[in-house]
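Colleague: Got a structure for you, written out below as structure tokens; questions coming shortly.
The values are calculated or read from the model by the stated rules, or taken from the named source; none is laboratory data. Keep in mind that what you see is a predicted model, and the values were worked out from it rather than measured. Because the Cβ atoms are built from the backbone with ideal geometry, glycine has one as well, and the counts that use them run over all protein chains shown.
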Amino acid sequence: MSPAPQTSNITILIDNYDSFTWNIYQYISELGAQVLVFRNDETTVEHIISINPKNIIISPGPGKPSTDSGISRDLISHFAGKIPIFGVCLGEQCIFEFYGGKIDYAGEIVHGKVSTITHDGKGCYINVPKGIKATRYHSLAGLPNTVPDELETTSWTESGVLMGVRHREFTIEGVQFHPESILSEHGKVILSNFLSLQGGKWEDNPAFCIKPPLANTAAITKPVQTILEKIHNQRLKDIELAKGQPGSSLNDLKKLLSLHVAPPLIDFVTRIKQTLPKYPSIFAEIKRASPSKGNIDLSVNAAEQALIYAKAGASVISVLTESKWFKGTLNDMRQVRDVLSTLPNRPAILRKDFIVDTYQIMEARLYGADTILLIVAILSNEKLEELYNFSNNLGMEPLVEVNNEEEMRRAVKLGAKVIGVNNRNLHTFDVDMNTTSRLAELVPEGVMLVALSGITGRADVISYLDQGVCGFLIGEALMKSKNKRAFVKGILDLKEEDDANVDSATLSLKIKAPRSPLVKICGILTIEAAIEAADAGADIIGLIFAKSRRQVPLDRALEIVNVIREMQSEKKIEITDDKDELTPYEILTSPKQHDWFKLHATRISRARKPLI
């Protein structure tokens, strides 16, 4: 064992622009370290060399080690084998990637969640109990099948995600989790173990039980699923569970549809076009949580939020109905449908979910959706075509979601009328705002293009408008905005009015919607006149109770009301007879027995009935 070279007693802490750097600073200061902190782009390797540090800690941080860690990897290169180096989260990834490992999607996205960590009990895990709880904040991790020969795996989660590596010869170690978090168990022990290391090699530290050469200790892992694959598999289980519930079987849903229980539809495509070409359509999303962001607003009331969105000018209300990751339910969509049903020119309702079965489409129709989302990435060509046609047969034109060129070509070949480009890759959850721009040129004329994900303000939409994008789906940013109306006005670049301080729920964009004129016939005196007015297509019948020449007694008014109410659900059928046809009034008042169906068939000119 060679003596460790003389160094100062300074611990260098490299800050990769992360608030947890403060936690690390506090912990190691409490453990007696003399700490100097440097931002990763505000110092140089030469300056750190001049300090002659005892050891180096590389902090967590956003981004990737190859692009966002500043001088971190250069410090590993220079000080490896000379002094101890410890990496946390991004710092650990720097170590892993520097020696040739690959950093990629971890298979799950965790933000402030606690996991059980298994470790080997060596190195920085000396005197740390097995199966500790540790806090994690990451979506990337070292891939277990790319562990470099120079490194060994030291810790991992129950699902097989790599949680730590150690150099086989040098005193270099890293952890993917956050030992400095208050929710992590034995974090100070791990950091204390590191601070007690001397020199740059494990042979200088026999108490840590690292004796090279070591056998490869890579964790035994099963293939890591992407979050999209996990959600897909979970939804398949959810569907089977739902089908097994009494009253919710496949046959039950078919029966309900045959009984016309589903509420009336509005045309999705027509509703989007109403704002064009002056303004793009806004797809306002109700989203309590997401795999990438965690909880957004668990307290939100779906019906209340939908009403605010509608009055802010949304053309479409997107309702997340997946419960595990997005905290949504089908009841949310039903409540949204109910609260919007009385609004004139209401927004279309989109069921935003991972649709993989026709059962879900029937659910959507029965719970009030006007359209559904079909994600090309999780569907084979056969399944995509089946679901698309099934939805159309129920009167719902789907929104078809794509993320790359191949998926766009599949959507176009399908004949989709509305295609949404998700700027977020659902396998890695990385957001690339150029995705929509790259795919816009592949959209044929006549197909409506919608940008999905990552829209936070006007700057995000300006270039899209020039590329023919006609709508924008906005979720998290709109959910978090305090004034929904002002946010929508900003997206559309509308001028603020003097009453900008008025609550968003009281105002709406003034968009002309097609509306048929209403016809009112006043001064009705008799049942016959009321029936004739209804047959002529009147929307409203007026009865006068004030003392006048056309005053209607209450008993006659009641008779008129009863007759008109009988006419509310029938359709007129032209019936011819050899004899002169009786009028509806004659049929009603004749002492002879007449066919009940003939009576109602001769009354009604259209389904819409007059109000009295």
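Colleague: Can you tell me which of (1) farther than 30 Å from Gly199 by Cβ; (2) buried (at least 18 other Cβ atoms within 10 Å of the Cβ); (3) over 28 Å from the mean Cα position of the chain (by Cα) is the one Thr135 doesn't meet?
Modeller: Going through (1) farther than 30 Å from Gly199 by Cβ; (2) buried (at least 18 other Cβ atoms within 10 Å of the Cβ); (3) over 28 Å from the mean Cα position of the chain (by Cα) one by one, Thr135 breaks only (3).
Every residue, every condition in (1) surrounded by fewer than 17 Cβ atoms within 10 Å (Cβ to Cβ); (2) assigned by TED's automatic domain parsing to the domain that holds Val376; (3) within 22 Å of the chain's Cα centre (by Cα); (4) part of a strand (DSSP E or B), yes or no:
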| site | (1), (2), (3), (4) |
| --- | --- |
| Gly446 | yes, yes, no, no |
| Ile455 | no, yes, yes, no |
| Val461 | no, yes, yes, no |
| Cys470 | no, yes, yes, yes |
| Ala477 | yes, yes, yes, no |
| Phe487 | no, yes, yes, no |
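Colleague: Could you tell me whether any residue of the range 132-145 is among the basic types (Lys, Arg), assigned by TED's automatic domain parsing to the domain that holds Leu197 and in contact with a helix residue (DSSP H, G or I) (Cβ under 8 Å, 6 or more places away or on another chain)? If you could, list the steps in order and put the result at the bottom.
Modeller: First, the residues of the range 132-145 that are among the basic types (Lys, Arg): 133, 136.
Cutting the leftovers down to assigned by TED's automatic domain parsing to the domain that holds Leu197 gives us 133, 136.
Right, trim to in contact with a helix residue (DSSP H, G or I) (Cβ under 8 Å, 6 or more places away or on another chain) and you get none.
So far as the range 132-145 goes, no, none of its residues is among the basic types (Lys, Arg), assigned by TED's automatic domain parsing to the domain that holds Leu197 and in contact with a helix residue (DSSP H, G or I) (Cβ under 8 Å, 6 or more places away or on another chain).
Colleague: In the range 163-207, what residues are among the β-branched types (Val, Ile, Thr) and assigned to a loop (DSSP other than H, G, I, E, B)? Before the answer, list the steps.
Modeller: Pass one, the range 163-207, residues among the β-branched types (Val, Ile, Thr): 165, 171-172, 175, 182, 189-190.
The answer is Thr171, Ile182.
Colleague: β-branched (Val, Ile, Thr), surrounded by fewer than 23 Cβ atoms within 10 Å (Cβ to Cβ) and under 21 Å from Ile56 (Cβ atoms) - does that describe any residue in the range 172-194? Talk me through it step by step, then tell me what you get.
Modeller: Of all residues in the range 172-194, those β-branched (Val, Ile, Thr) come to 172, 175, 182, 189-190.
Adding the requirement that they be surrounded by fewer than 23 Cβ atoms within 10 Å (Cβ to Cβ) leaves 182, 189.
Pick out the ones that are also under 21 Å from Ile56 (Cβ atoms) and you get 189.
Taking every residue of the range 172-194 in turn, at least one turns out to be β-branched (Val, Ile, Thr), surrounded by fewer than 23 Cβ atoms within 10 Å (Cβ to Cβ) and under 21 Å from Ile56 (Cβ atoms).
Colleague: So how many residues does the range 347-378 have that are crowded, with 22+ Cβ neighbours inside 10 Å, assigned to a loop (DSSP other than H, G, I, E, B) and either at positive phi or not β-branched (Val, Ile, Thr) (or both)?
Modeller: 7
Colleague: While we're looking at this one, here's another question. Checking the conditions here, which among Ile239, Ile272 is of a type in the set (Val, Ile, Thr), in contact with a strand residue (DSSP E or B) (Cβ under 8 Å, 6 or more places away or on another chain) and within 26 Å of Phe326 (Cα to Cα)? Walk me through how you get there before you give the answer.
Modeller: Details: Ile239 fails: in contact with a strand residue (DSSP E or B) (Cβ under 8 Å, 6 or more places away or on another chain).
Exactly one residue qualifies, and that residue is Ile272.
Colleague: Picking from Glu397, Glu382, which residue would you name as being surrounded by fewer than 18 Cβ atoms within 10 Å (Cβ to Cβ) and either touching a strand residue (DSSP E or B) at 6+ places or on another chain (Cβ under 8 Å) or part of a helix (DSSP H, G or I) (or both)? Before you say what the answer is, go through the steps one by one.
Modeller: Numbers: Glu397 fails: surrounded by fewer than 18 Cβ atoms within 10 Å (Cβ to Cβ).
Among Glu397, Glu382, only Glu382 is surrounded by fewer than 18 Cβ atoms within 10 Å (Cβ to Cβ) and either touching a strand residue (DSSP E or B) at 6+ places or on another chain (Cβ under 8 Å) or part of a helix (DSSP H, G or I) (or both).
Colleague: So is Glu203 assigned by TED's automatic domain parsing to the domain that holds Glu30 and touching a strand residue (DSSP E or B) at 6+ places or on another chain (Cβ under 7 Å) or not? Even if it seems obvious, please write down each step before you answer.
Modeller: Working: assigned by TED's automatic domain parsing to the domain that holds Glu30: yes; touching a strand residue (DSSP E or B) at 6+ places or on another chain (Cβ under 7 Å): no.
In short, no.
Colleague: Another one. Determine which member of the set Leu236, Leu241, Leu265 is surrounded by 14 or more Cβ atoms within 10 Å (Cβ to Cβ) and out of contact with any Cys (no Cβ under 8 Å at 6 or more places or on another chain). If you could, list the steps in order and put the result at the bottom.
Modeller: Working: Leu236 fails: surrounded by 14 or more Cβ atoms within 10 Å (Cβ to Cβ); Leu241 fails: surrounded by 14 or more Cβ atoms within 10 Å (Cβ to Cβ).
None of the other options fit; the residue is Leu265.
Colleague: While we're on this one: Take the range 148-178 and flag every residue that is within 37 Å of the chain's Cα centre (by Cα) and among the aliphatic types (A, V, I, L, M).
Modeller: Matches in the range 148-178: Val161, Leu162, Met163, Val165, Val175.
Colleague: With the requirement that a residue be farther than 18 Å from Asn403 by Cβ and either hydroxyl-bearing (Ser, Thr, Tyr) or not assigned by TED's automatic domain parsing to the domain that holds Gly395 (or both), what does the range 354-380 give you?
Modeller: If the condition is that a residue be farther than 18 Å from Asn403 by Cβ and either hydroxyl-bearing (Ser, Thr, Tyr) or not assigned by TED's automatic domain parsing to the domain that holds Gly395 (or both), then Thr358, Tyr359, Tyr367, Thr371 are the ones that fit.
Colleague: State the number of residues belonging to the range 65-117 that are closer than 26 Å to His232 by Cβ and assigned to a loop (DSSP other than H, G, I, E, B).
Modeller: Pass one, the range 65-117, residues closer than 26 Å to His232 by Cβ: 102-116.
This time we only want the ones that are assigned to a loop (DSSP other than H, G, I, E, B), so: 102.
Here the count works out to 1.
Colleague: Picking from Phe86, Phe20, which residue would you name as being modelled with pLDDT of 95 or more and within 37 Å of the chain's Cα centre (by Cα)?
Modeller: Numbers: Phe20 fails: modelled with pLDDT of 95 or more.
Just one listed residue meets the conditions, Phe86.
Colleague: Hey, could you check the range 162-197 for residues that are touching a Pro at 6+ places or on another chain (Cβ under 8 Å) and among the hydrophobic types (A, V, I, L, M, F, W, C) and say which is nearest to Ile24 (Cα to Cα)?
Modeller: Within the range 162-197, the match that is nearest to Ile24 (Cα to Cα) is Leu191.
Colleague: Out of the residues in the range 280-299 that are crowded, with 16+ Cβ neighbours inside 10 Å and aliphatic (A, V, I, L, M), which is farthest from the chain's Cα centre (by Cα)? Show your work before the answer.
Modeller: Taking the range 280-299 as the starting set, the residues that turn out to be crowded, with 16+ Cβ neighbours inside 10 Å are 280-292, 296.
Filter once more, so that each one left must be aliphatic (A, V, I, L, M): 282, 284, 286, 289, 296.
On the way: Ile282: 15, Ala284: 11, Ile286: 8, Ala289: 7, Ile296: 10 Å.
Here the answer is Ile282.
Colleague: Any residue in the range 305-320 that is farther than 20 Å from Phe472 by Cα and not in a helix (DSSP H, G or I)?
Modeller: Let us first name the residues in the range 305-320 that are farther than 20 Å from Phe472 by Cα, namely none.
Taking every residue of the range 305-320 in turn, none turns out to be farther than 20 Å from Phe472 by Cα and not in a helix (DSSP H, G or I).
Colleague: Output the residues belonging to the range 24-41 that are exposed (fewer than 12 other Cβ atoms within 10 Å of the Cβ) and either in contact with an Asp or Glu (Cβ under 9 Å, 6 or more places away or on another chain) or in a helix (DSSP H, G or I) (or both). Step through it out loud before you land on a result.
Modeller: Of all residues in the range 24-41, those exposed (fewer than 12 other Cβ atoms within 10 Å of the Cβ) come to 30, 32.
Passing the criteria: only Glu30.
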